[in-house]
Protein chains: 2
Amino acid sequence: MNIKQPNKNLVLVPMLKALADETRLDIVRTLRDTPGELSCGDIGERMSIAKSTASYHFRTLREAGLISTRKDIRTKYVSLRRDVFDEYLPGFLDSL
Amino acid sequence: MNIKQPNKNLVLVPMLKALADETRLDIVRTLRDTPGELSCGDIGERMSIAKSTASYHFRTLREAGLISTRKDIRTKYVSLRRDVFDEYLPGFLDSL
DNA sequence: ACCATAGTTCTATGAATATAAAACAACCAA
DNA sequence: TTGGTTGTTTTATATTCATAGAACTATGGT
């Protein structure tokens, strides 16, 4: 591959761990396929999981660098870090 | 993306779980970068892990469909299922 | 027959993961 | 101020995972 990065695993392993879960994979698909913005609550509802569980999954994805959040005072909106996917997992979102 | 498969997660999640580990990621890289064939022992030695641990990782990768093995009576040779990578994780091996 | 080689399976163990109830924090609205 | 909405953190629990020693299987060489 192109430029040799020092310890790529450090970034990649948490990313793959974050994606290696059915619920989080579904969250990523939902975000990819939804034009408008989605809140944590919206997504949690679609996944039919407890809000604390949803929060845990969002944290996992965020800490892996795969999503970002925007707080609108009351509501927290979630979006995909497409740039990160493109850099570390090019093609993944399309094949998902 | 193209043809809708019934429950893609069933295949994809075990694959991502298999890849979400530093040692197994290194095994995959080693296989990708090595021209000739490699045996289980060869790889285990390079990873500096116990042979039982190596065997466990090979089983994980094999059950995920990512590698295949060829037994030469005494020795077991491991190879990447590049076709599987191309189908489910196109581009991954190149970006790894 | 005996020993060495190559791997798998069994067993044990400590660490990490996924789940959700409960308590908490921050905010808005009536 | 009281109460409802939105999400995080804490705590608990059950499960899965990574590791390796020990025993076992299979094969070959001498």
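Please treat every number below as a calculation from the coordinates, not as lab data. Predicted model, so just to flag it, every value in this text is computed and none were measured. Don't worry about glycine lacking a Cβ; one is built from the backbone with ideal geometry, like all the others, and counts go over all protein chains shown.
Below is a table of values for the structure above.
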read-out	value
Failed condition for A:GLY44, given (1) within 14 Å of chain B (Cβ to nearest Cβ); (2) free of Cβ contacts under 8 Å to residues at least 24 places away in the same chain; (3) in contact with a Lys or Arg (Cβ under 8 Å, 6 or more places away or on another chain); (4) within 13 Å of DNA strand C (Cβ to nearest atom)	(1)
Residue match in segment A:84-92 (condition: within 10 Å of the chain's Cα centre (by Cα), under 29 Å from B:ILE27 (Cα atoms) and within 16 Å of DNA strand C (Cβ to nearest atom))	no
Sole residue being of a type in the set (Ser, Thr, Tyr) and farther than 25 Å from B:VAL13 by Cα, chosen from B:THR75, B:THR60	B:THR75
Residues (in contact with a strand residue (DSSP E or B) (Cβ under 8 Å, 6 or more places away or on another chain) and either free of Cβ contacts under 8 Å to residues at least 40 places away in the same chain or loosely packed, with under 13 Cβ neighbours inside 10 Å (or both)) located in segment B:70-96	B:ARG70, B:LYS71, B:THR75, B:LYS76, B:ARG81
Hey, A:SER55 surrounded by 13 or more Cβ atoms within 10 Å (Cβ to Cβ) and in contact with a Ser or Thr (Cβ under 8 Å, 6 or more places away or on another chain) or not	no
Scan of segment B:48-96 for residues that are in a loop (DSSP other than H, G, I, E, B), away from chain A (no Cβ under 12 Å) and in contact with a Lys or Arg (Cβ under 8 Å, 6 or more places away or on another chain), ordered by number	B:GLY65, B:LEU66
Residue under evaluation A:THR30, criteria (1) free of Cβ contacts under 8 Å to residues at least 24 places away in the same chain; (2) more than 12 Å from the chain's Cα centre (by Cα), criterion not met	(2)
Count of residues meeting criterion [away from DNA strand D (no atom under 12 Å from the Cβ) and at positive phi] in segment B:6-49	1
Filtered residues of segment B:15-42 (kept if over 18 Å from A:LEU19 (Cα atoms) and touching a His at 6+ places or on another chain (Cβ under 9 Å))	B:ILE27
Some residue of segment B:19-40 being part of a helix (DSSP H, G or I), surrounded by fewer than 13 Cβ atoms within 10 Å (Cβ to Cβ) and not aromatic (Phe, Trp, Tyr)	yes
